Amino acid sequence: MLFKLSQPVTKLVERYLPDPYVIVLLLTLIVLSLSITLTPFSFEQAVTSWGQGFWALLTFAMQMLMVLVAGFMLASAPVCKSLLDKLAQKANSGSTAIVMVTLVSMLASWINWGFGLVVGALFAKALARHVQVDYRVLVASAYSGFIVWHGGLSGSVPLTIATEGHFSSDSIGVITTQDTLFAHFNLILMAVLLIILPLLNTLLLPPKEQQIIVEKEKLEEKKAAVVSINTPAEKLEHSKLLGILIGSLGCGYMGYYFIALGGGLNLNSVIGLFLFLAILLHQTPANLLKSLQEAVSGGAGIIIQFPFYAGIMAIMKDSGLAQQISNVFVSMSSADTLPFWSFISAGLVNIFVPSGGGQWAVQAPIVLPAAIELGAEINRVAMAVAWGDAWTNLIQPFWALPVLAIAGLKAKDIMGFCLIQLAVSGVIIAAILTFA
């Protein structure tokens, strides 16, 4: 039904949406121009800020690459592929596959955003091997589950303000996750999206004769060639004992980290868990390295684009452009409407600053004093910024890169559907943040 509405949008996107690399180049020029015309920044200052900030996300870029690579290697292990295939076999129709991939992606993203991105994409591929369903909608549905991450256990904003000594603690103190992640309005929001989003995605499916089905052969993994093992070096490379020992050592440490040290799920712990499980389950170094080669080819977009986004973020922050955008929305707010306008402004800023933690550092100094002055609920305003950041990720190619790399699609293949998801979810999120 909604496919008729999404069809002209999809055609426009397919025709005019360039590669994400071109998008980040255009965003760079736009932000440079805006900083020069709308702020006191000179051209020299803007370029200097861009150049100095260009490498600020190198650690994060490596983490994202490792999430993609380690997640791919884990899922490509025989036992994991078997589990994904068995779960995928439960789907007996295209609509069921859409519902399943949306729910799995949402649950995984609620646990951890990196985990959700990888699991959703890999499960979509497994489903496409068993069910005839439009592959574009299937992958868009997998990506749509990512929208809940900032309202989940790895949300940057709620975890930051729940930490002793955070940068805004002098003005708002410590706000526990009981008042953010587990607040009634956030739980209501999660429950509504859990119902509406899978249904919405099924309505995006085209009629069967118009669906784009990927041939199963293209999604199948290549069978490993038979290798002769003769030399001592080859015996080490194919040693199950070596892989199992190191994998067990790493998994043992991760268990100690979570249980004895009380460590939580964060980007590094997810990478470590994925990596050591992959080493253990692949058993031999040769098997793991073969999987690694397949995984790395999908990370090219991450490597080239993240430095440009780091430069954009530096200009937005140093010039005060991000603060100006936030101030416009805050200036028209009351105590009741501040969560709504904080949500909208965060969604807009996220297009240029696609990092939850980075965005909070930019917007917190504007929205928190406004919340205190207007008497608004600080926890609700903070979560409004968090949800605004997560909301426009649906049309931010920055975050879609790992999913697209695993699925083997381009941004323009799914963005038409993502725009519909953006519109519907935006109304739901804004309404619940304002009135629940």
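The values are calculated or read from the model by the stated rules, or taken from the named source; none is laboratory data. These numbers come from a predicted model, not from an experiment. Counting neighbours? That spans all protein chains shown, and the Cβs are built from the backbone with ideal geometry, glycine included. We work out accessible area using only protein heavy atoms, side chains counted, and drop any ligands, DNA or RNA first. Shrake-Rupley method; radii C 1.70, N 1.55, O 1.52, S 1.80 Å.
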- Message: Not counting ligands, DNA or RNA, and with a 1.4 Å probe, what is ILE246's accessible surface area in Å² rounded to the nearest 10?
- Response: 80
- Item | Hz values of 3J(HN,Hα) by residue in region 382-398 - Karplus curve (6.51, -1.76, 1.60), Gly and Pro given as x | 4, 6, 5, 5, 4, 5, x, 4, 6, 4, 7, 4, 4, 10, 9, x, 3
- Message: Rg/Rh for the chain to two decimals, with Rh computed the Kirkwood way over all alpha-carbon pairs.
- Response: 0.98
- 31 Å Cα-Cα threshold exceeded, pairs from LYS125/LYS235; LYS86/LYS235; LYS208/LYS412; LYS81/LYS410; LYS125/LYS290: LYS125/LYS235; LYS86/LYS235
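Determine by what factor the alpha-carbon radius of gyration of region 173-304 differs from 2.2 N^0.38 Å, reporting the quotient.
Cα-based Rg divided by the globular estimate yields 1.58.
Percent of accessible area on region 110-188 owned by carbon and sulfur, 1.4 Å probe?
Of all accessible area on region 110-188, carbon and sulfur atoms account for 56 percent.
Given axes a ≥ b ≥ c from the Cα gyration tensor, I'd like to know whether region 153-244 is rounded (a/c under 1.5), prolate (a/b larger than b/c) or oblate. Display every interim value, and only then the final one.
Details: a/c = 4.74, a/b = 1.42, b/c = 3.34.
Note, shape of region 153-244 comes out oblate.
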- Task: Pop a pseudo-label 7 angstrom from the Cα along the beta-carbon direction at both SER169 and PHE182 and give the gap in nm to one decimal.
- Result: 2.1
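Let's test the formula: R0 of 41 Å, r as the Cβ-Cβ distance of HIS238 and ALA436. What FRET efficiency results, to the nearest 0.05?
Computed FRET efficiency for HIS238 and ALA436 comes out at 0.10.
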- Provide GLU373, GLU294 ordered by accessible surface of protein heavy atoms (probe 1.4 Å), highest first. GLU373, GLU294
- Task: Round to the nearest 10 and report in Å² the accessible area of ASP318, as given by a 1.4 Å probe over the protein chains' heavy atoms.
- Result: 90
- Task: Measure off, as a whole percent, the carbon and sulfur share of the 1.4 Å-probe accessible area of region 365-424, all protein chains present.
- Result: 61
- Item | Accessible area per residue in Å² at 1.4 Å probe, computed on the chain | 44
- Using θ = phi - 60° and the Karplus relation 6.51 cos²θ - 1.76 cosθ + 1.60, list the HN-Hα couplings for region 146-155 in order, rounded to whole Hz, with x at every Gly or Pro. 5, 4, 8, 4, 6, x, x, 5, 10, x
- Within region 99-123, whose backbone N sits under 16 Å from a point 7 Å along Cα→Cβ of LEU2? 99-106
